Amino acid sequence: MAAYFFDSSALVKSYIVETGTAWTRSIVNDEENVVHVASLTRVEIISALTRRFRRGDITQAEFDTGCHESQLDMANQFEVVRLTDRMLEEAATLARTRGLRAYDAVQLAAALDTSRIVSQVESTELILVSADVELNAAAAAEGFQVEDPNNH
């Protein structure tokens, strides 16, 4: 079993076809894997799909399907990490020390908290998956093994 933490820049690739989609889907759809996501990812996925639809990058059918499937997966497939005040405090520190955008800092804080739990309970290392270069650099600096779906 492998444990992953997906941020929205990587997870959105499960719902629309772009670089890294096949690799992302192979990880997400493998029942042997546990995929953790921050609760705010629900909003970020819908926002990303909406932006792509409005730009004309995806069709109405792709938009509707992506929105529907992402919400089903959030409800039934992923381990959703609820944000806490402690995580938000850590995110503020990460934004300052690592120069991250707000939601990237929140994603990293949620991943760090999840990693502590996963390493204790499941005795495995959490792998952070993101297509965001700045977030990946900060995550690596925090000790994460990082996978960028754009490299697959």
> Out of (1) touching a Phe, Trp or Tyr at 6+ places or on another chain (Cβ under 6 Å); (2) over 15 Å from Leu40 (Cβ atoms), the odd one out for Thr114 is which?
Replying inline: (2)
> Inside the stretch 1-29, can you point out the residues that are surrounded by fewer than 15 Cβ atoms within 10 Å (Cβ to Cβ) and in contact with a strand residue (DSSP E or B) (Cβ under 8 Å, 6 or more places away or on another chain)?
Replying inline: Met1, Ala2
> Among the residues of the stretch 119-142 satisfying the criterion of being crowded, with 21+ Cβ neighbours inside 10 Å and in contact with a Leu (Cβ under 7 Å, 6 or more places away or on another chain), which is nearest to Ala3 (Cα to Cα)?
Replying inline: Ala139
> Restricting attention to the stretch 81-91, does a residue exist that is assigned to a helix (DSSP H, G or I), under 19 Å from Ala139 (Cα atoms), in contact (Cβ under 8 Å) with a residue 40 or more places away in the chain and not hydrophobic (A, V, I, L, M, F, W, C)?
Replying inline: no
>> Can you go through Asp64, Asp57 and tell me which one is in a loop (DSSP other than H, G, I, E, B), surrounded by fewer than 20 Cβ atoms within 10 Å (Cβ to Cβ) and either touching a helix residue (DSSP H, G or I) at 6+ places or on another chain (Cβ under 8 Å) or of a type in the set (Asp, Glu) (or both)?
In response: Asp57
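FYI, it's all coordinate maths here, none of it is from the lab. All figures in this text were calculated on a predicted structure; none of them were measured in a lab. Note that we place each Cβ from the backbone using ideal geometry, even for glycine, and neighbour counts take in every protein chain shown.
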